[in-house]
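Please read the structure below before turning to the comments.
Here, each number is a calculation from the coordinates, and none is a lab measurement. What you see is a predicted model, and the numbers here were worked out from it, not measured in a lab. Note that we place each Cβ from the backbone using ideal geometry, even for glycine, and neighbour counts take in every protein chain shown.
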Amino acid sequence: GNSVTQMEGPVTLSEEAFLTINCTYTATGYPSLFWYVQYPGEGLQLLLKATKADDKGSNKGFEATYRKETTSFHLEKGSVQVSDSAVYFCALSPNSGGSNYKLTFGKGTLLTVNP
Amino acid sequence: DGGITQSPKYLFRKEGQNVTLSCEQNLNHDAMYWYRQDPGQGLRLIYYSQIVNDFQKGDIAEGYSVSREKKESFPLTVTSAQKNPTAFYLCASSIGATDTQYFGPGTRLTVL
């Protein structure tokens, strides 16, 4: 079956530090890949996505590149801010037809950015 | 503004009672989903619906029930058969089954 593994947290950084959150996946075919962010007490917000190999998703200074050869979709940001403190989820969705389309999530990585 | 609303934000119930969580969307999406989130875990799919009057069980459907009588509404009932119902419940929707899912703000259910 499909699975997503992301680095365990918590991750604690100082403001303006470089961020990497690793995500690797197992899936058949060519899934779509997502990063969602969850701020305290809220639902999930789509941060970025990529639908095919070598695509780069980007939003709000965050980037992730779909690497099929390493089955990875690592999240990066060059300079984090205190407001980036949240839980980050990596997820995949198979692009095959039928009912096998559900999102598979990683367990989430808590990021805390200190001033 | 288009979006997904869930109500209430916090819900308390006594053990042995059924409770219904509301999810409404005005995005004109065909597909809707319910997820459960527990501390330190990813999201787990409870039920999903690809179209009105049709829904399927997800990975953890036992103790839950849903209905999809209208395109914009997908209520979730947590029954007394659910052994550990205290959790954060998230509703999502997408244009179609294979499209990007967008989430509501969630309902935190606590069983006393």
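Comparing A:Gly57, A:Gly41, A:Gly29 in a Gaussian network model of chain A (Cα springs below 10 Å), the most mobile by mean-square fluctuation is A:Gly41.
A Gaussian network model of chain B, with springs between Cα atoms under 10 Å, assigns the largest mean-square fluctuation among B:Gln37, B:Gln50, B:Gln17 to B:Gln17. Where both bridge residues fall in chain A, DSSP classifies roughly 90% of the beta bridges as antiparallel.
For the cross-link pairs A:Lys56/A:Lys107; A:Lys60/A:Lys102; A:Lys60/B:Lys71, the ones whose C-alpha atoms lie over 28 Å apart are A:Lys60/B:Lys71. With a ≥ b ≥ c taken as the square roots of the eigenvalues of the C-alpha gyration tensor of chain B, please select rounded if a/c is under 1.5 and otherwise prolate if a/b is larger than b/c or oblate if it is not? Verdict is prolate for chain B. Each 5 Å bin from zero up to the one holding the largest Cα-Cα distance in chain A carries the following percent of pairs: 2, 13, 24, 25, 18, 11, 5, 2, 1, 0.
Placing R0 at 35 angstrom, the Cβ-Cβ distance between B:Arg108 and B:Lys57 gives a FRET efficiency of 0.90 after rounding to 0.05.
Put in line by how crowded their Cβ is, counting other Cβ atoms within 10 Å and starting with the fewest, A:Phe89, B:Phe55, A:Phe18 read A:Phe18, B:Phe55, A:Phe89. Divide the volume of the convex hull around the Cα atoms of the protein assembly as shown by the residue count and you get 123 Å³ per residue.
Nearest 0.05, what FRET efficiency do B:Asp99 and A:Glu16 give at R0 = 35 Å with Cβ-Cβ as r? That gives a FRET efficiency of 0.45.
Charge dipole of the protein assembly as shown (Cα centre as origin; +1 on each Lys and Arg Cβ, -1 on each Asp and Glu Cβ, all else neutral): 460 debye, rounded to the nearest 20.
Within the same chain, lysines fewer than 8 places from B:Lys83 are excluded, and of the rest, those with a Cα less than 20 Å from its Cα are B:Lys14, B:Lys57. Only Cα pairs under 8 Å and 6+ residues apart enter the sum, and on that basis the relative contact order of region A:1-105 stands at 32 percent. Remark: relative contact order (chain B) = 35 percent; criterion is Cα-Cα distance under 8 angstrom and separation of 6 or more residues.
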